Amino acid sequence: MGLIAGTTRVREDAPARPTPSGGARRFEEDTVADKPTVALGIDIGGSGVKGAPVDLVKGELIEERYKIATPQPSTPEAVADVVGRIAESFFDTLPADAPIGVTIPGIVKRGIVKTAANIDKQWMNCNGEQLFSERLGRHVHLVNDADAAGVAELRYGAAKGQDGLVILATLGTGIGIALMYDGVLIPNAELGHIELNGHDAETRAAASAKEREGLSYEKWATERLQPYFSHLEFILAPDLFVVGGGVSRKAHKFLPLLKLETPIIPAKLLNGAGIIGAAALAAD
Ligand code: BGC
């Protein structure tokens, strides 16, 4: 059926015009007027759960982040309680309709956690989105932690405005990977777990392996990170690598040692990346 809108005749059933990136929105173009400008982000990490309201225009935390130690064991109920306490601490100042995003170190499909490499095994197949939403009495959007960090770096940080394939790698307890092509996130890319020389790559190349085995930056870079990033470079031909995780503060000690054709740069948002990305994805 047609409609008369002003003097222009438009078809109700006309298909939306595809965008240059094949119909999907580009993240760095997302600061449009009809979108929320504030959202709450909460990042669940191995040692701490951290949250803060985020200014989505600037990509900055609006208030100081509130951190509570990750409960041990990190069961869904125990973590939900901590997430609830952090969120509630901002409810006085947070707009009532502000979106809420939470990260988790595992695959997330339609709110359900599908892997639990470095968190309590009870997370497997747990509907984390529903659990958190019920605890908070507000809708919560759950995302993979590396995906959140990747989106934050792409929109506001080290990879801002970068076209082509950007690979963010967070080096921490495990290795988290975010794949973004022309600004579009391809979620849940678990490339930290590729098999390399007979090992799950993250067990040899994550920052935790460096600590556990007492490796120097040089040994870690040349013997562990080099084969890992060379392999990613070979199979994916990226345009840019961004390296995040706490150890990226010391990036000058190991990134210059890597021999790659692809530029490799440290993340910018450091501690804030997960919080900012979770908030940004919740508002999409
Ligand atoms: C998990 C990923 C996560 C990464 C970083 C890996 O062990 O499988 O989902 O992004 O650790 O936390």
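Before moving on, here are some points about what is shown:
- Residue match in region 165-181 (condition: surrounded by fewer than 23 Cβ atoms within 10 Å (Cβ to Cβ), within 14 Å of the ligand (Cβ to nearest atom) and at pLDDT below 95): yes
- A single member of ASN144, ASN188 is under 19 Å from PRO238 (Cα atoms) and under 11 Å from the mean Cα position of the chain (by Cα), and it is ASN188.
- First in region 90-105 and part of a loop (DSSP other than H, G, I, E, B), second anywhere and away from the ligand (no atom under 16 Å from the Cβ) and of a type in the set (Phe, Trp, Tyr), Cβ under 8 Å, 6 or more apart: PHE90/TYR66
Listed here are the residues, each with its yes/no results for (1) farther than 15 Å from PRO76 by Cβ; (2) at pLDDT below 95; (3) buried (at least 17 other Cβ atoms within 10 Å of the Cβ); (4) within 12 Å of the ligand (Cβ to nearest atom).
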site	(1), (2), (3), (4)
ALA98	yes, no, yes, no
VAL102	no, no, yes, no
VAL108	no, no, yes, yes
VAL113	no, no, yes, yes
ALA116	no, yes, yes, yes
ILE119	no, yes, yes, yes
GLU129	no, no, yes, no
SER133	no, no, yes, no
HIS141	yes, no, yes, no
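- All positions within region 194-228 that are under 21 Å from THR262 (Cβ atoms) and within 16 Å of the ligand (Cβ to nearest atom): ILE194, LEU196, ALA201, GLU202, ARG204, ALA205, ALA206, ALA207, ARG224, LEU225, TYR228
- Residue within region 238-249 that is more than 19 Å from the chain's Cα centre (by Cα) and either over 21 Å from GLY157 (Cβ atoms) or among the basic types (Lys, Arg) (or both) present: no
- Taken as a whole, the condition of being farther than 16 Å from ASP147 by Cα, touching a helix residue (DSSP H, G or I) at 6+ places or on another chain (Cβ under 8 Å), of a type in the set (Asp, Glu) and surrounded by fewer than 23 Cβ atoms within 10 Å (Cβ to Cβ) applies to GLU261.
The values are calculated or read from the model by the stated rules, or taken from the named source; none is laboratory data. As the structure is a prediction and not an experimental result, all values here were calculated from the model. Counting neighbours? That spans all protein chains shown, and the Cβs are built from the backbone with ideal geometry, glycine included.
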